[in-house]
Structures are given as structure tokens and as C-alpha cells.
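The structure appears right after this line, and notes come after that.
The values are calculated or read from the model by the stated rules, or taken from the named source; none is laboratory data. Just so you know, these numbers come straight off a predicted model, no measurement behind them. FYI the Cβ positions are ideal-geometry reconstructions off the backbone, even for glycines, and counts take in every protein chain you see. Protein only, heavy atoms only, side chains kept; ligands, DNA and RNA dropped before computing areas. Shrake-Rupley method; radii C 1.70, N 1.55, O 1.52, S 1.80 Å.
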Amino acid sequence: MVTFTACRSKPELVVPARATPREVKSLSDVDNQPDLRVYTTIIEYFRRHVPGVPEQSAVSSIIKAALAEALVYYYPMAGRLRELPGGNKLVVECTAEGVIFVRAQADVRLEEFGQPLVQPYPCVDELLCEVGDVRSVVGKPLLYLQMTEFRCGGIALALTTCHSIVDGFGMVQIFKCITELARGEAHPAVLPTWQRHLLVSSSEATSESGGHDSASMVGVDNDGKPLLTQASLEGMVTRSFLFGKREIAALRSGVPARLAQSATVFDIITGTLWRCRTAALEHPPDEQVCVVFVSNARGRWKRDPPLPPGFYGNALFSTVAEATAGELCGGSLADAVELVRKAKFRVTDEYVRSALDIMARGGLYMKVALNRTLLMSDITHCGDDSLDLGWAERIGGGIAMAGDINRLSSVYTCCKDANGEDCIMVPMVLPEEAMGRFESHIVATLQEARCWTEERQFGSDDKHHVCCQLSLA
């Protein structure tokens with residue numbers, strides 16, 4: 001893997017291009033979750049359509065001017081967070097103090113990053129702004145943008161934002177605004193809306209669980225012992241797995257037709273990865289294992305009232321699928337997919353209202369253990385694959401896996417494989433020995449699915465599906 005050191009300019013403070021409202025904005029109960037008091041980064045790589053157009057010296061000015069214009073629309077991002085008395089709630093003081101912009105140069109070509117361009121990205125820390133303690137968010141800039149120019153004329157844009165203000169969908173929305181303005185659009189295609197009151201509890205107390213499992217939601221098991229604990233990432237390796245049309249079709253064909261027709265790509269891939277990871281880590285058969293993922297309140301099911309277009313706050317709600325390792329690995333792929341779907345369908349409007357009530361009381365804390373819990377997130381529908389500077393095309397990118405916090409979750413991202421075909425990239429972090437077993441289980445599952453497809457084509461009935469029992473020892 002290529003290595004390099006970026007030469008960074010002195011950080012510049014960029015303020016909104018025009019006067020913006022001076023006011024104080026409240027956050028939602030979701031925004032105010034303590035675990036969201038952290039900075040996170042999306043990095044995107046762009047290749048010039050025509051080398052030297054625009055001139056290299058002009059690129060920085062174009063991006064910086066677009067950022068200043070974007071802050072007119074997203075003016076709360078130019079403010080600062082302040083803690084209210086008690087320390088449990090935050091507000092945004094819209095002071096127009098500005099955000100941080102850094103220009104950097106790296107003596108390397110994009111081609112040297114490898115094909116396809118997948119996680120872990122080479123020397124990714126060199127491409128990100130230095131924000132200090134990522135867990136300290138009060139009184140600091142809420143947005144940092146580093147633009148790194150490569151020897152070939154391509155660039156990387158790394159957008160770091162405070163998670164208390166935006167989720168992944170919101171980050172991409174801001175990113176799109178910057179790229180649209182940078183290519184000369186008069187205004188962003190989607191205008192932002194705040195309206196955080198739509199995700200504030202209407203009741204400070206509730207006796208209804210709304211479908212929440214107290215064990216999975218607060219991080220304790222039925223004996224009151226911690227279910228999820230912080231695990232060290234030392235000795236872990238990161239590799240990305242690509243799922244293109246052929247792989248997805250093979251996995252889909254490995255479940256009964258009824259399920260194949262109704263399951264989403266996320267359902268199929270998540271069920272597969274959860275089983276294979278569990279087997280690779282060789283959990284005892286009676287040990288409880290989980291996959292935790294988020295459902296988007298902007299989604300197909302309707303909120304009452306619904307979240308408006310342009311909402312860029314946190315609107316993701318966690319849900320969990322659970323099974324013993326023996327049940328998961330000894331059962332079929334279809335069983336795992338059904339567990340994922342059951343957890344996904346649990347997130348209803350009632351579930352969200354109940355979650356907001358618990359959040360308002362300070363609940364829903366969840367500590368993460370990499371050994372028994374797989375954390376998944378899907379930003380393939382965020383639209384980052386459609387980012388377009390006009391004079392440069394996106395060739396890859398996603399959530400930057402930098403530092404312990406951002407490596408804890410496997411985030412589904414759109415990318416292209418070595419043949420230029422669209423696919424879904426899923427990074428996985430595992431101990432090195434377990435990674436080898438994980439890869440073997442993925443291959444075995446795909447082979448089993450393909451074999452079953454061939455059998456079905458020759459007349460096998462639909463009562464059979466991929467069982468492919470995975471060994472736990």
C-alpha cells in the first residue's frame with residue numbers, strides 16, 4: 001500500500017459569504033445523545049475530467065468560496081455548541097464564527113491508491129483535518145474541510161462534522177451543497193431545514209416500551225451484567241468486501257423465493273456477514289451474539305408529522321437482531337436474513353416515539369464490543385455516489401475509518417470494482433486469524449448459494465435453501 005505525508009497549509013477560518021441570522025437553536029433528543037458528542041468524517045476522492053482545468057491554483061479558491069456560500073444555507077454549522085445548565089442538553093449558538101478549511105498537497109497519484117479504491121484508504125489520517133480530541137465538541141468549530149491535491153490533479157475532500165448536529169445523511173447533504181456550488185450552481189438542489197422539534201419527546205416519562213428490548217437498548221443482559229463493553233482494536237486488521245450484482249444475485253438465490261423477492265440488498269448482505277463473522281470468531285454455541293444497525297426516520301414508513309425534505313439532523317434509530325451463535329451458524333442463511341428483517345420492521349413510528357421518550361430520560365446508552373456485536377450502517381442511499389464537481393468526477397469514498405470510533409462500525413458504501421461496475425463496499429475489522437476464517441466462510445456461502453441455484457434450475461423444489469452450516473470450532 002502506498003504511503004505518503006501531506007503538506008498542509010495553516011488552517012483558515014471560513015465564515016458565511018453573507019450575513020446570517022444570529023440566534024440560538026435547540027437540538028432534538030436524538031442529537032443530544034451523549035454518544036453523538038464526537039466528530040466523524042466522510043472522505044471523497046475526485047478525478048479531473050481534463051487535467052489542468054480548472055488551474056490547480058484555482059481549485060482551492062473554488063472549494064473555499066463554495067464552502068462560504070454553503071454556510072449561508074447551513075449557517076448553524078458556522079456557530080458553536082453550548083451546554084445548558086445540568087450538562088445534558090446542548091444548543092447551537094449561531095454566531096457565524098466560521099468553520100475550518102485546510103489546503104494540503106500530497107506527492108502521490110490517485111492511481112497509486114489501488115484499484116478498486118476501497119477501505120482502508122492509504123494514509124487516510126494525512127487527508128483529514130486535525131480536530132484535537134474528537135470527543136470534545138463544545139465551543140469548537142462544527143465543521144472542518146480539508147482539500148488535498150494529488151500529483152495527478154485529482155483531489156480528496158474530507159468533511160469532518162460534529163455528529164451532534166448531523167448524521168450521515170445530513171453530512172452528504174452538506175457535501176452535495178458544497179459540490180453543487182463549486183460547479184457553478186446558483187443554489188443547492190435541496191434547501192436545508194432545521195425543525196429538530198419533530199424528534200423531541202412529547203412525554204418526559206412513559207411506561208410503554210414501544211417494542212424496545214430493555215436488554216439490547218441499555219446494554220445489559222437479563223442478569224443485569226454488561227452486554228456490550230468497549231473492546232480494544234489492537235491487533236485488528238481492516239479489509240473491504242465488494243458485493244456486486246453477481247454476488248448479490250447468488251446470495252438472493254440461496255434463500256426461498258418468497259424471501260428472495262421481499263428481502264432488500266441490506267437484509268441479504270447483513271444476514272450473510274453476521275453469520276460469517278460469528279463463525280469466524282468461534283463463539284461458544286450458547287453465547288448470545290447481536291447485529292446492531294440503524295433505521296432512518298426519513299425512510300419509507302411515515303412519521304406523524306413526517307420529517308421534511310432537507311432535514312439534516314440525526315434521524316437514525318438503532319435496532320438489534322439477536323441469536324445464540326449455535327442458532328445463527330447452525331441455521332440457514334434464510335434464518336439470519338429473517339432475523340435482520342424482523343429487527344428492521346420493529347422500527348415503527350411507535351418505536352421512534354418510545355425511543356425519544358427513553359432518550360429524554362437519558363437512556364439508550366450502548367457500549368460497543370467488537371467480539372459479540374456486529375455494528376452495521378448503510379449510506380448507499382445517501383447519494384454520495386452522485387457527488388459531482390462538474391470538472392471532476394467522484395471515483396470513491398465514504399466514512400473515513402480513522403481512529404477507534406469510526407472503525408467500530410461497518411458502513412455500506414457505493415463504489416466501483418476494478419472493472420468499473422457498481423457494487424457495495426463493506427469494510428470489516430477483525431483479528432487477523434479471524435479475518436482469514438471470515439473470508440473462507442464468505443466464499444463458502446457464495447459457493448453454496450451458486451450450487452443451490454444450479455440445482456433449482458434442474459428441478460429442485462423451493463423447500464431447500466442454503467443451509468451451509470458454519471463451524472464454530
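Data for the structure
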quantity	calculated
Residue that is open to solvent by less than 20 Å² (accessible area, probe 1.4 Å) and of a type outside the set (Ser, Thr, Tyr), where the choices are Val15, Val38	Val38
Subset of the range 252-283 that is small (Gly, Ala, Ser) and part of a helix (DSSP H, G or I) - its residue that is nearest to Glu322 (Cα to Cα)	Gly271
Residues located in the range 231-251, provided they are free of Cβ contacts under 8 Å to residues at least 12 places away in the same chain and not in a loop (DSSP other than H, G, I, E, B)	Arg246, Ala249
Of the criteria (1) more than 27 Å from Ala257 (Cβ to Cβ); (2) open to solvent by 10 Å² or more (accessible area, probe 1.4 Å); (3) at pLDDT 95 or above, which one Arg341 fails	(1)
Check on Leu227, open to solvent by less than 30 Å² (accessible area, probe 1.4 Å) and at pLDDT below 95	yes
Residue match in the range 176-193 (condition: out of contact with any Gly (no Cβ under 8 Å at 6 or more places or on another chain) and either closer than 18 Å to Leu316 by Cβ or modelled with pLDDT under 95 (or both))	no
Scan of the range 93-131 for residues that are out of contact with any strand residue (DSSP E or B) (no Cβ under 9 Å at 6 or more places or on another chain) and open to solvent by less than 50 Å² (accessible area, probe 1.4 Å), ordered by number	Ala96, Gly114, Pro122
Subset of the range 50-92 that is out of contact with any strand residue (DSSP E or B) (no Cβ under 7 Å at 6 or more places or on another chain) and of a type in the set (A, V, I, L, M, F, W, C) - its residue that is surrounded by the most Cβ atoms within 10 Å (Cβ to Cβ)	Ala70
Among the residues listed as Pro285, Pro306, the single one being of a type outside the set (Phe, Trp, Tyr), over 25 Å from the mean Cα position of the chain (by Cα) and open to solvent by 30 Å² or more (accessible area, probe 1.4 Å)	Pro285
Filtered residues of the range 106-164 (kept if basic (Lys, Arg) and either free of Cβ contacts under 8 Å to residues at least 12 places away in the same chain or in contact with a Phe, Trp or Tyr (Cβ under 7 Å, 6 or more places away or on another chain) (or both))	Arg109
Selection from the range 152-185 of residues that are farther than 20 Å from Ala392 by Cβ, open to solvent by 10 Å² or more (accessible area, probe 1.4 Å) and either part of a strand (DSSP E or B) or among the hydrophobic types (A, V, I, L, M, F, W, C) (or both)	Phe169
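Residue-wise test of (1) at negative phi; (2) modelled with pLDDT of 95 or more.
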{"residue": "Ile63", "(1), (2)": "yes, yes"}
{"residue": "Ala96", "(1), (2)": "no, yes"}
{"residue": "Ala106", "(1), (2)": "yes, yes"}
{"residue": "Val118", "(1), (2)": "yes, no"}
